[in-house]
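Computed from the coordinates by the stated procedures, all read-outs in this text should not be read as laboratory data. Because the structure is a prediction, the values reported are computed rather than measured. Neighbour counts are summed over all protein chains in view; Cβ atoms, including those assigned to glycine, are modelled from backbone coordinates with ideal geometry.
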Amino acid sequence: GAVVSQHPSRVICKSGTSVKIECRSLDFQATTMFWYRQFPKQSLMLMATSNEGSKATYEQGVEKDKFLINHASLTLSTLTVTSAHPEDSSFYICSATGAGGQPQHFGDGTRLSIL
Amino acid sequence: SQKIEQNSEALNIQEGKTATLTCNYTNYSPAYLQWYRQDPGRGPVFLLLIRENEKEKRKERLKVTFDTTLKQSLFHITASQPADSATYLCALASDSNYQLIWGAGTKLIIKP
């Protein structure tokens, strides 16, 4: 149980393109979803926390207009990287928790490469 | 500021031996401590959660200890296998919200 599906797994696109990443909880209702960014050999960096039906809470230094998060249902959250540039290239991972709050269940991540 | 330290150097262990990974933290009083496994290019996978009032928790070949006085958790894998090779992440959480504070992880290599 507690499966989280993240798509796409890899994206390569030109600078200026907007990219949407989907995160779905397949067998449980995700009251809270998290979006992380991870650089090689570094810890997970939390970008934002979203609760279903509410606006996402962004961490300090994360641009809200750059990284649009939508959590419209209890099983789906999306992250849209708008007008992506090479510096946005990274590994993006989502996670979800149920009503109990712990632990977090992760998707398999999206490798974003902006040329 | 809150800080989590995991050994940044890779840990090489001979197959069959016990692997022990360390997680130290400062300036924090977590309600929960969690261990995750992460394989290259994949998302973390939850392994074990231990609460502040628990000293030890076991799951099959895995054992976690939690010493709130030392501000340290130890993660043990007994009878280690090459398939246990991965990066292991330590994460802390408070009761007030569901956010986790993450360590950078320790890479474990089990040699056959």
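Below are the figures for this structure:
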item: Test item: Cα-centred dipole of the range B:6-95, Lys/Arg +1 and Asp/Glu -1 on Cβ, debye; result: 160 debye
item: Whole-Hz ³J(HN,Hα) from phi, Karplus 6.51 cos²θ - 1.76 cosθ + 1.60, for the range B:27-34, glycine and proline x; result: 6, 7, 10, x, 8, 9, 10, 10
item: Cα-based Rg of the range A:1-47 normalised by 2.2 N^0.38 Å, two decimals; result: 1.39
item: Three semi-axes of the equivalent ellipsoid, chain A, Cα gyration tensor, whole Å, largest first; result: 22, 14, 13
item: Max mean-square fluctuation residue, GNM over chain B, Cα-Cα springs under 10 Å, options B:Leu49, B:Leu89, B:Leu33; result: B:Leu49
item: Gaussian network model of chain A, springs between alpha carbon atoms under 10 Å - residue of A:His85, A:His71, A:His105 with greatest fluctuation; result: A:His85
item: Convex hull of chain B built on C-alpha atoms - directionally averaged projected area, nm²; result: 6.9 nm²
item: Simple Cβ-charge dipole of the range A:1-69, Lys/Arg +1 and Asp/Glu -1, about Cα centre, in debye nearest 20; result: 300 debye
item: Free-standing Cys residues across the protein assembly as shown, given no other cysteine C-beta under 4.7 angstrom; result: A:Cys13
item: Distance violations [Cα-Cα > 27 Å] among A:Lys41/A:Lys66; B:Lys17/B:Lys55; B:Lys3/B:Lys57; A:Lys66/B:Lys71; A:Lys14/B:Lys3; A:Lys55/B:Lys71; result: A:Lys66/B:Lys71; A:Lys14/B:Lys3; A:Lys55/B:Lys71
item: Selected from A:Gly100, A:Gly53, A:Gly16 as most flexible by GNM, with chain A as the system and alpha-carbon contacts under 10 Å; result: A:Gly100
item: Using alpha carbons only: equivalent-ellipsoid semi-axes of the range A:25-90, gyration tensor based, whole Å; result: 21, 14, 11
